Every structure is written in structure tokens, then in C-alpha cells.
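Below: one structure, written as C-alpha cells.
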Amino acid sequence: PVAVLNADIRAGRTADQRRALATDSIAALSDRFGVPPANVYVVYTEHPGVDFHLDEGPLNSWDAAEDEEGAL
């Protein structure tokens, strides 16, 4: 099996944050679905915050000062 994960994220995330999401996702796909880690591809597409909309309106651009609880 092969898995491709396309992740649309707000621009500004660090390389370490993107890597953490990739490694956690690869592990989850392996654990839950038996996809060998070598067969998982994670592809990021970055967008400015205004490309993401919630009920209350578009997001601001991401700021490194945001923590896990305040990422919106």
C-alpha cells in the first residue's frame, strides 16, 4: 500500500513543525492502516491566512508566537 497525504497549511510554519506533522502522520498511517512508512508521501501546500475561512471570517496570517491552543 501507498498513501499520499496532501496538507494545506497556513504559510509561516517552521520546518520543524512541518516535519513533526509529517512524522506523526506517517506513524499513524502505518499503525492504523499498515502502510509502510517508506510508502507514505506528505505534500504541503502553503497558503496565506486569508485563504482559510471559518464561520466568523478569514484567518489572519500565521504568527510564530501562536501556540498549539491559539493556532486559529
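For this structure, a couple of remarks:
- Matching residues in the stretch 12-38 - criterion: being open to solvent by less than 50 Å² (accessible area, probe 1.4 Å) and outside any loop (DSSP other than H, G, I, E, B): 20, 22, 25, 26, 27, 28, 29, 30
- For the criterion of being modelled with pLDDT of 90 or more and surrounded by 10 or more Cβ atoms within 10 Å (Cβ to Cβ), residue 51 passes.
- Every residue from the stretch 39-66 that is part of a loop (DSSP other than H, G, I, E, B), under 17 Å from the mean Cα position of the chain (by Cα) and small (Gly, Ala, Ser): 61, 64
The values are calculated or read from the model by the stated rules, or taken from the named source; none is laboratory data. For clarity, every value in this text was computed on a predicted model and none was experimentally measured. Cβ sites come from the backbone with ideal geometry, for glycine too, and all protein chains shown count toward neighbours. For accessibility, only protein heavy atoms count, side chains too; no ligands or nucleic acids. Shrake-Rupley method; radii C 1.70, N 1.55, O 1.52, S 1.80 Å.
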